[in-house]
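Here the structure is laid out as structure tokens; the discussion comes afterwards.
Each value in this text was obtained by applying a stated rule to the coordinates, not by laboratory testing. Please read these numbers as outputs of a predicted model, since none were measured by experiment. Virtual Cβ from ideal backbone geometry, glycine too; neighbours counted across all protein chains shown.
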């Protein structure tokens with residue numbers, strides 16, 4: 001009986017947390033809901049009495065979540081596969097591959113952008129460049145501002161090929177890379193995901209609203225294997241370099257991530 005009561009409370013707590021992440025702050029007071037709450041109130045007093053009668057050791061039991069350590073081996077294997085990938089037409093046009101970088105232990109935050117744009121056709125960026133040289137430098141400053149180390153963050157793109165600025169990847173290219181991204185999310189097992197830019201946000205959330213309306217709040221990413229991870233959309237560093245007036249809004253998003261990670 002004690003275990004059933006604790007499981008019942010844990011299930012309610014999980015549902016409420018899921019609703020909170022999805023920004024559900026209130027519920028419509030329909031007649032059906034009012035009747036349900038009235039019946040719950042009667043049962044609540046009974047449950048409370050039973051919990052009060054439990055031994056002290058059981059009453060103080062707390063359900064805590066255990067963060068799973070990221071699978072660095074799988075992330076490395078995926079990076080190797082990306083280097084050999086020829087699943088779409090971008091393989092013959094890419095200047096380099098950009099599978100991602102970071103991690104090294106338990107990954108607290110996964111950052112996802114669109115693709116690496118190589119500024120000059122003949123240039124090849126550094127091996128670990130993900131968003132771009134200036135973009136990665138800005139990202140490093142962002143992460144330092146919210147007290148995250150490189151080992152606690154993994155950065156990747158929806159599309160794993162680095163291409164010239166004259167090439168505009170299409171939906172079929174995103175689909176070709178989707179399995180890599182899904183496997184990276186599973187292997188990284190992050191506490192939170194931050195999609196940077198509209199391409200990454202739509203790829204994971206499948207929502208059509210503009211990023212200006214989607215940013216600033218958490219959503220729930222639903223993985224193919226039932227994985228659920230809170231996700232916050234924000235602007236991409238490349239957009240901020242061109243539109244510095246949006247840095248203030250992005251800073252608010254970063255602060256929300258920091259608060260969620262460190263539970264401030």
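The residues 154, 218, when put in order of fewest to most other Cβ atoms within 10 Å, stand as 218, 154. Approximating the spin labels as points 7 Å out from Cα along Cα→Cβ, the residue 213-to-residue 77 distance works out to 4.2 nm.
If R₀ is 30 angstrom, what is the calculated FRET efficiency for the pair residue 171 and residue 252, using the beta carbon separation as r and rounding to 0.05?
Numbers: r = 31 Å, r/R0 = 1.03.
Step by step, r from the Cβ atoms, then E = 0.45.
Residues of the stretch 134-151 with backbone nitrogen within less than 13 Å of a virtual label 7 Å along the Cα-to-Cβ line of residue 126, please, listed as ranges. Within reach of a label on residue 126: 134-141.
In what order do 101, 160 fall by count of nearby beta-carbon atoms within 10 Å, going from fewest to most? List each step's numbers first, then the result.
On the way: 101 17, 160 29.
Exposure proxy ranking, most exposed first: 101, 160.
Anisotropy class assigned to the stretch 84-195 is oblate, per the alpha carbon gyration tensor with a/c at or over the 1.5 cut-off and a/b no larger than b/c.
Mind running the shape call on the stretch 72-262? Use the C-alpha gyration tensor, a ≥ b ≥ c as the square roots of the eigenvalues: rounded below 1.5 for a/c, prolate if a/b tops b/c, oblate otherwise.
Values: a/c = 1.40, a/b = 1.22, b/c = 1.15.
Note, shape of the stretch 72-262 comes out rounded.
Across the stretch 72-262, the relative contact order, built from alpha-carbon pairs under 8 Å that are at least six residues apart, equals 25 percent.
Can you sort 147, 114 from fewest to most other Cβ atoms within 10 Å of each residue's own Cβ?
Details: 147 10, 114 21.
With the fewest neighbours first, 147, 114 line up as 147, 114.
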